[in-house]
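First comes the structure, then the notes that go with it.
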Amino acid sequence: MKNKKTGEIKNFAFADYMKNLSSISEDWETIEQIKTEPLIKETKISHFEITDFSNNDKTDLFLDDPKPRLMVPIYKPLYEAIPGVRVVNDSIFVYDTISVPTFKDSFNIVKSLKEVLKRDETYYDIIWDKDFINILKDVIKPLKDAAAKDKVPMTVVVSGIDAAKAQLLAIESGLDAEYLTTDEKLLKTIMRSNPGIVLWKNGILVQKWHYKKLPTWEQIKNDFLK
């Protein structure tokens, strides 16, 4: 840093700078920041972040929960968005201020409809891939239902869609699990099966399965949760 009055150049450690921030910043100005390597180097787990569709962090469901949990990673939900146009009505309202005769300086605000305007609106019909839906419906959902009897929850983690499409996916597939979202790259790092099944427990990825090689819940429970 450089002293504003004398021109002196001096190095400040970050901890000292933050500890004496007000006094240092009053007399000194930053001319260069020297960054050192962190003591703990960044790893892939540093980018492990899963949220709900309101961006609330849900990562600890997998990394800080001692109980088992099934994850269904879907890095590419398979669907087609078919555009269409429909006519919608826009209602225009006006507000009038009307005095109240019995009370001095008193007014009521009255809302009334002025006109209704019609306009074209573009919308999209979501057509889900049948094979993709059948995997969720016929392979993943039976596992979810069986695990639920042992109070082991299932969470679907999907990338590339919003909350509305996630809700449509749940309805179409019948897979009424919790739906969260994350980056496509993270899900591909976990596994390439789309979808797949991952068993987590106490912050550890215990095992993962391609949907074509998925064992029964009883097999999973006997092999990994005894």
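Brief remarks on what is shown
- Output for segment 11-33, where each listed residue is outside any helix (DSSP H, G or I) and either in contact with a helix residue (DSSP H, G or I) (Cβ under 8 Å, 6 or more places away or on another chain) or loosely packed, with under 10 Cβ neighbours inside 10 Å (or both): 11, 12, 13, 31, 32, 33
- Options 144, 111, 137, 151; residue that is part of a strand (DSSP E or B), among the charged types (D, E, K, R) and either farther than 17 Å from residue 80 by Cβ or without any contact (Cβ under 8 Å) to a residue 24 or more places away in the chain (or both): 111
- Test: residue 107 is at pLDDT below 85 and surrounded by 10 or more Cβ atoms within 10 Å (Cβ to Cβ): yes
- Flag for residue 94 being at pLDDT 85 or above, under 36 Å from the mean Cα position of the chain (by Cα) and of a type outside the set (D, E, K, R): no
The values are calculated or read from the model by the stated rules, or taken from the named source; none is laboratory data. The model shown is predicted, which means the values in this text are computed figures rather than measured ones. When we count neighbours, we look across all protein chains shown, and the Cβ atoms used for this are built from the backbone with ideal geometry, even at glycine.
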